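Written out below as structure tokens is the structure these notes cover.
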Amino acid sequence: MYNDLQKRYVKEIKTNQEQSEAIKNLTIKIHELEHNLREQRKRIEQLECKKVSWKTSAVSGKRSRTPEREITSRRDVSEKKESCCSKYLELLLKEIKKLKKENEKLSAERRALKNELAGLDKDFFEEVEDLKHAVQESVKLNNQYEKCLKQISVMYGLPFTAHL
């Protein structure tokens, strides 16, 4: 019983450490994604500023040639870039939300495990040791009783079957 509790305690500590590590990694990943998000927002602002300057040049009728030799307005190019950036930002935001949810879930589980471990204080382990000792003494006493029963059975000629 004591060994089982000791194993459980060690397992809970190990699980707690693993979850702490996972939370740390998720927090780092969230910070990285938030940093990427800020960079992409800055990039969008820059693109929007360029878009305004392109609109003014588009009004004057300027056009650019693409590698395929198609004629496209600068507005079309900036809209494509903007939609691409928007999709990327949306993906980043979804990933951040997902990681935050997972982080919250792991944090809650970690708190629950900590609360469970809080009940296993020093007195608990001393009590387990006392119980272990009492079980060992009971086993010794039972073996002595069994020997006495065998001797009495032999003296009176009665059959003795061990461990009924």
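The values are calculated or read from the model by the stated rules, or taken from the named source; none is laboratory data. Only a predicted model underlies this, so the values are computations on that prediction, with no experimental measurement involved. When we count neighbours, we look across all protein chains shown, and the Cβ atoms used for this are built from the backbone with ideal geometry, even at glycine. The protein model used for the area step is the full one, side chains on, heavy atoms only, and it has no ligands, DNA or RNA in it. Shrake-Rupley method; radii C 1.70, N 1.55, O 1.52, S 1.80 Å.
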Quiz item: Rounded to the nearest 20 Debye, what is the dipole magnitude of region 123-163 about its Cα centre when Lys and Arg each give +1 and Asp and Glu each give -1 at the C-beta?
Solution: 560
Practice problem: Just reorder D121, D130 by solvent-accessible area, largest first, 1.4 Å probe, all chains present. | Solution: D130, D121
Quiz item: Got a number for carbon plus sulfur as a percent of region 123-163's accessible area, 1.4 Å probe?
Solution: 60
Practice problem: Please give the peptides 100-107, 39-46 ranked by average Cβ packing (other Cβ atoms within 10 Å per residue), highest first, as a rough proxy for protection. | Solution: 100-107, 39-46
Exercise. Identify, among Q151, L131, L117, the residue whose Cα sits farthest towards the positive end of the charge dipole of region 104-164, taking +1 on the Cβ of Lys and Arg and -1 on the Cβ of Asp and Glu, with the dipole about the Cα centre.
Key: Q151
Exercise. With all protein chains present, calculate the accessible area of V139 using a 1.4 Å probe and round the result to the nearest 10 Å².
Key: 80
Quiz item: Distance in nm between label sites at Q40 and L158, each 7 Å beyond Cα in the beta-carbon direction?
Solution: 8.6
Practice problem: Go through K42/K101; K11/K87; K14/K101 and tell me which ones have a Cα-Cα distance over 32 Å in this structure. | Solution: K11/K87
Quiz prompt | Residue-normalised accessible area of region 123-163, expressed per residue, 1.4 Å probe, Å² | solution = 89
